[in-house]
1. Between residue B:364 and residue B:940, what is the label-point separation in nm under the 7 Å Cα-to-beta-carbon projection?
2. Across 5 Å bins from the origin, how do the percents of Cα pairs in segment B:523-617 run, short distances first?
3. Neighbouring Cβ atoms within 10 Å as the yardstick, rank B:923, A:34 fewest first.
4. Quick one: if you stick a label point 7 Å off each Cα along the C-beta vector at residue B:884 and residue B:104, how many nm between them?
5. How crowded by other chains is A:104-116, given as the mean number of beta carbons from other chains within 10 Å of each beta carbon?
6. So how many Å³ per residue does the convex hull of the Cα atoms of chain A work out to?
7. Say R0 is 51 Å: what FRET efficiency, to the nearest 0.05, do residue B:894 and residue B:615 get from their beta-carbon distance?
8. Roughly speaking, what is the stretch gain from residue B:74 to residue B:1021, that is 0.36 nm per residue apart minus the C-alpha to C-alpha distance, in nm to one decimal?
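Readers should treat all values here as calculations from the given coordinates under stated rules, not as data from a laboratory. Keep in mind that what you see is a predicted model, and the values were worked out from it rather than measured. We place every Cβ from the backbone using ideal geometry, glycine too, and count neighbours over all the protein chains shown.
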């Protein structure tokens, strides 16, 4: 099972956090701080796995963003890497050549995509097409915030 | 009104949306906190508006701020509002915010139950989807219990999209509400064969997760999984299944045999490294090593040789698992693993180090350690070097120094390690030195000589005391030299070394050991000189002590000072005796007589409790509790008072004590004359006036130190080799002799065979003293499972048939008296619906005899019209016959009347607009007008209907009562604390109070219950009390102050209503 997924920039700014187990805000902050310092301190071209407490931390850097996944000890590290990669592919497909700014400005979309792909710390859907279709159809239901801004309130 | 709306929409044009907020934050890099606090103020304003779109926008922004680390828990209620919007756009944002911000202790979660239930049953699959996704993040035990049944139903939804989400969330529900596992499991199992691959993989995920924790309960699923494994082509699923088998096979060896073939096939055929790796892991865990083990090790070797760091890392990781069970298979790859020590990736080097730990043998220990020592010299980062150091010590000391054949070599390795600048592990080296010197008697002479040299060269180790942890070694050195001083060649010289002025710069605890052991050395010197007629040497020693000890007497460290002054006086006395030519050596030696034996770390724990000793028994009888109560004059004051004041008293006392303690600390901290706790000796030195300005030159000791006179460990490696060779040669000679004598060629094999482990004899016979244990120590090594592990609760036998009591709770309600015919039964349950327009009014359950058909009721008030109440009734037909022509009628009272269509008489019944086939349920709504809401009310009613069987039909009747409680006229209304305070100050409210007896639930449960059952909302909660608010449909304010002492003070503008509400609250709690 996955415990958490963090996205942060090279400067250590958090871009997305998703927690799959209930822990306190204080604990979350502590983990985020530790993850960013630990992962950012890694030398380039070292392996992507870190043993941390009772977890395995699997991280990967895509352009300026670090994707950092905390999984339970029994999990398969390579599978975790695949998960990260699949999420990046999904983002890429949705935003079209995704960049850090896409995720900053549409952070809620990034969450929605993630929620269609993973749920409760498990993989929900392994097929890219089905995930994409689910996101498209729920987007169809959603009027954009711009529409709302231009619509009268009464 | 219209103006307000127009104004609202104009204002909104100036609202920031999320993009503006993000942009703003990026533009205010210098004063981000200030900018965000203004944004939060704006958001607060936006949240106060009625427009849901504005609220959703505000909540969306809050979610972003939450991610940046700002506290947004204050907006929890607004999040719930947005969640309950009927528009998907807003609902989605609401649930996202909730999933990010809510956690188990969020109060408002209690309010979401019905909203979530409604969303779960929404006709729009995406509504259900967001609700499930959100719920998976913040499900609490209460939510899990209340919603388990709904989610279980969703597992059989028509849309695979919902099914897979429902299956996944079930795992979270099991964790929070383990009772749901057994009833839900059969359906979960069905999903393993779901036609949709997504649902199937979700079910595999959940069951794998469950099975990994408690594998024995899932053995019966093995055939099913075996089928899946051989048929599935989805690697994501295959990995999970193979992992599951890894957990199952240790319990069922036959399974292993069956798996060999498919696993071998996969290992040979797959191109996916993740799958290969999983297969190898399962092979390692299972019992099929003989047949596939070698294949796995080969594959791992390929991984380790790969240029991809990740594969290399995982290969080593898997190797270390193999090492535990099949060390021989790994040891043949020593070359490869030693190579990895040179890898530039630190985590790979650390993995390799882990492996080395298990690979050493008597034969290769020296070689491996030699290699590691080379790395110690090369290592740049101190962390890695420290890691190497601890590993070397771990490797050598493992299983009671099993692999060490030459302890002289080990001591010299330890001494070499002391050359490390700035290591944190000085104490580790020190404890090894102590351990070896104490437990290996044969090595003591050598160890003492080495330690004496170390002490003599102590200045090299303590170049930079403050930062250098290595000086801990001197602690060991001093103690060893003192304790085993009879082995010293020149005790006088060592004594001199220990009393050098430089010693005073060492940390206090080391100085203390120095002083104490100087005394031991002194005793030895006296003893050595005893026979000599000329006693100058002994007198010199006394003089040396008397000269040097005063330095330590002045020490700031209490321990050093005390020991030094004690010993100083002793030596002065001895000197006096010496001058009178009295022989003192024996007496002085008696001070340090006896040998210290090592004590096992667990020894204390293992001391058995003597028979007849009860550690839990009181030594003195505790003061009897009843005393004071008996003396209490009865019936003068209200009975409850003394009982409750007691705990409050102690609480106040504790708080008060803590407060006073804090104040005292504060005072002491500010008082310059107060001596603060344990200042370290160095600090005192630094603070001494006039010291700061003396420039301190740091001596750079980068050149590897060679302590003169110390043998290098390498020599030992060479020596050892020579020794072994000699031994071998001797053996050969013997063998030859034997052969000559026997004239047979039998010995030939032995000749060429490589020397085996047993052939290596230790350099000197060592006797490793085992650590002491108390007599009759208990042998058990208690290794219990963590009782807090949530998965422990899921250790449930799933094959037992389901008992009735285990059915998932469908929300049940108060039972009422049964009234009628033995054939029919009706139950009324409540479901809350449409909270926007109507408030739930009343719910009630009525059970009539053996189940035949049943009715579910929900009574709701209409907010817009203070005198209207809507009762929605769900009729469920539980019998096997068809029900039709249902008529609903209620006997009106003066206060409450059923609204009937115009033109009908006041006693006519209303026709229920549907018929009920067997097993079907449907809902109908009825409107009542109520005049006064201050009193609870019961209305009697009758339902008439026709039961139609195949051949006949009967007309039947069912009586029921509708109970309109006062609580049901209350509507959950949020209230801000300032408005609340104003309300209380206004003085319009009458007050009343009650005390709840026998309630011992946690305070937040109590509050949640009041919120849930009586439609209150928490205004504010401060430690031991909480204020709550609710409003009636006719606009009465009801305010509560609930205290942890379970008393409720209440205020309301209508005393009768208040009295009734309080009575109802009391009743709720008397039922639980």
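1. 9.4 nm
2. Computed distribution, short to long bins: 2, 11, 16, 15, 12, 10, 8, 7, 7, 6, 4, 2, 0.
3. Numbers: B:923 16, A:34 13.
Neighbour counts put them in this order, fewest first: A:34, B:923.
4. 5.4 nm
5. Across A:104-116, the average partner-chain Cβ count within 10 Å equals 5.
6. Spread over its residues, the Cα hull of chain A gives 138 Å³ apiece.
7. Values: r = 71 Å, r/R0 = 1.39.
Calculated transfer efficiency: 0.10.
8. Taking 0.36 nm per residue and subtracting the Cα distance, the gain is 339.7 nm.
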